[in-house]
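Scroll down for the structure; my scribbles are underneath it.
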Amino acid sequence: MTNDSLVFANMVETSLFFIYTRKYIFMEFRTIVDIPKSCFQIPPCEKMLFVGSCFADNLGHRFCEEQFQAIVNPCGVMYNPASILHTVHKVKEEKPNVAIFTLGTNHVYILKETGEIVDNCAKRPQKLFEEKKLTVEECFDYLKQAVVELQTENADVHVIVTVSPIRYRKYGYHESQLSKAILMLATDQLVKAFDGVVEYFPAYEIINDELRDYRFYKEDMLHPSDQAVEYIWQRFSEIYFGKETQEFLREWKPIKEALGHKPFNPESEEYKMFMTKTMLKVEALSKKYPTFAFKK
């Protein structure tokens, strides 16, 4: 091979290597869930209501930590649309500006004696209850009633609906998927029926399609890990938090960390001075954000 041929061969090999490398540099190794921007934003320390499965607990408690005025499952964990309606009926006078429903399943338990759907079997014998699966229309109707009740107390309320990513082993994984599908169909109807009022946030899709790895689950392989919940919080923040809320969270973060500090000697003068300075920062934040009502 001549020198010119050798040089040309090296150039071709280098070009092919560059093309091959460039191809893999820009490859996507996961599918990102596209979420449209919300038609409204959640301001700092907003008055909120979280009702639903234990995933609602996880997300709601994070909002509490960030000083939102959040009420989280005040009547206990609620898994189905009927039980979510029951909770809304009991606490509607709280008049939240934003309500978040997290749907877990369409399975309900009916007390045979009264024919009523119960929210908790209270460890009573199983023979007292009949299990039933709500249809898409039944799920939609219960959720519709919940939204209407909230609107009766606050015409400007916004509702965000999510489907819990937690799978239900006791139903079998296929039945669990069918249950989630029914909830999604009902939610789709709800969003269309209350355009501009109700929105869907794809927590289920983020866990099962975007993260899609057992390292994002707890040891039971069913519940999302703390890392997964944190990631969903970040995605939620991108959609629903504007500049003011993001600024508040940035200012609140060092104060929250300071308040969470555990001293070796809480009686020391150094620690007392540290806490005095921290509480002065809390006071300054309260003046800047009138809706900020500090709670430990």
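Derivation of every value follows stated rules applied to the coordinates shown; laboratory data play no part. Every value quoted in this text rests on a predicted model; they were computed, and no experiment measured them. Note: ideal-geometry Cβ built from the backbone for every residue, glycine included; neighbour counts use all protein chains shown.
I need the shape label for the chain. Rule: rounded when a/c is under 1.5, else prolate if a/b > b/c, else oblate, with a, b, c from the alpha carbon gyration tensor.
Taking the square roots of the gyration eigenvalues as a ≥ b ≥ c, the chain is oblate.
May I ask for the distance between the Cα centers of the range 251-274 and the range 49-83, given as a whole number of Å?
Going from one Cα centre to the other spans 29 Å.
Given the range 247-288, what whole percent of its Cα pairs are spread farther than 12 Å?
The proportion of pairs with Cα distances above 12 Å equals 61 percent.
Using 7 Å Cα-to-Cβ label points, what is the L185/C54 separation (nm, one decimal)?
Reported label-point gap for L185 and C54 is 2.8 nm.
State, as an integer percentage, the relative contact order of the range 137-296 based on alpha-carbon contacts under 8 Å between residues 6 or more apart.
Over the range 137-296, the number comes to 17 percent.
Please work out the FRET efficiency for the pair N265 and K295, using the Cβ-Cβ distance as r and a Förster radius of 25 Å; give the result to the nearest 0.05.
0.45
Which one, H89, S286, P202, projects farthest toward the positive side of the charge dipole computed for the chain from Cβ point charges (K/R +1, D/E -1)?
S286
Can you tell me the relative contact order of the chain? Whole percent, Cα pairs under 8 Å, sequence separation 6 or more.
Relative contact order, the chain: 20 percent.
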